[in-house]
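Colleague: Sharing a structure here in structure tokens format.
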Amino acid sequence: FRGDRFEESIKIGEKELQKLDMRFSKEDGGILLYYDKASGDYISYGQIYFSPTREKLTISVFKPSEQDNSKKAWSSEDGLIISAPANNRTEAIEISNELLKDVMYQDISK
């Protein structure tokens with residue numbers, strides 16, 4: 001994660017994001033795009049947030065909007081997040097609360 005761009009493949013659970021094109025600001029993160037072979041296009045996977053030292057990260061995973069299936073979004077009420085490094089759910093929640101404090105409407109541990 002040097003500079004303002006990361007181009008590689010990563011695996012998150014069973015989902016492999018090939019030809020990942022991650023562009024982020026110097027401040028705190030950016031959008032995760034991956035190449036979808038089926039459509040032949042880049043698809044947004046989510047938003048990534050880093051700590052200032054980039055030792056911690058949280059990904060808010062986009063899901064199709066209920067109103068418009070062609071649009072993707074993330075909700076602080078029920079959205080999926082991935083945080084690292086974390087050895088358990090409690091540590092992951094602490095990282096997410098720290099990195100998403102300006103995005104979240106409420107503390108996700110409640």
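Colleague: Once you keep just the Cα pairs under 8 angstrom separated by 6 or more residues, what percentage relative contact order results for region 5-85? Each step should come with its number before you reach the end.
Modeller: Values: 151 pairs, mean separation 14.3, N = 81.
About 18 percent, as a whole number.
Colleague: Over region 26-104, with a single point scatterer placed on each C-alpha, what log10 of the ratio I(q)/I(0) does the Debye formula yield at q = 0.14 1/Å?
Modeller: Cα-only, vacuum Debye calculation for region 26-104: -0.50.
Colleague: Highest mean first, how do 42-52, 12-22, 88-98 rank when packing is the count of other Cβ atoms within 10 Å averaged over residues?
Modeller: On the way: 42-52: 17.5, 12-22: 13.0, 88-98: 15.1.
The packing order, highest mean first, is 42-52, 88-98, 12-22.
Colleague: Also, I was wondering about something else. Please work out how much length the chain gains when fully extended from residue 15 to residue 55, using 0.36 nm per residue of separation minus the C-alpha to C-alpha distance, in nm with one decimal.
Modeller: In short, 12.1 nm is gained.
Read-outs: derived from the displayed coordinates by stated rules, not from any lab. Computed from a predicted model, the values in this text were never measured in an experiment. All Cβ positions, even for glycine, are placed from backbone atoms using ideal geometry, and neighbour counts span all protein chains on display.
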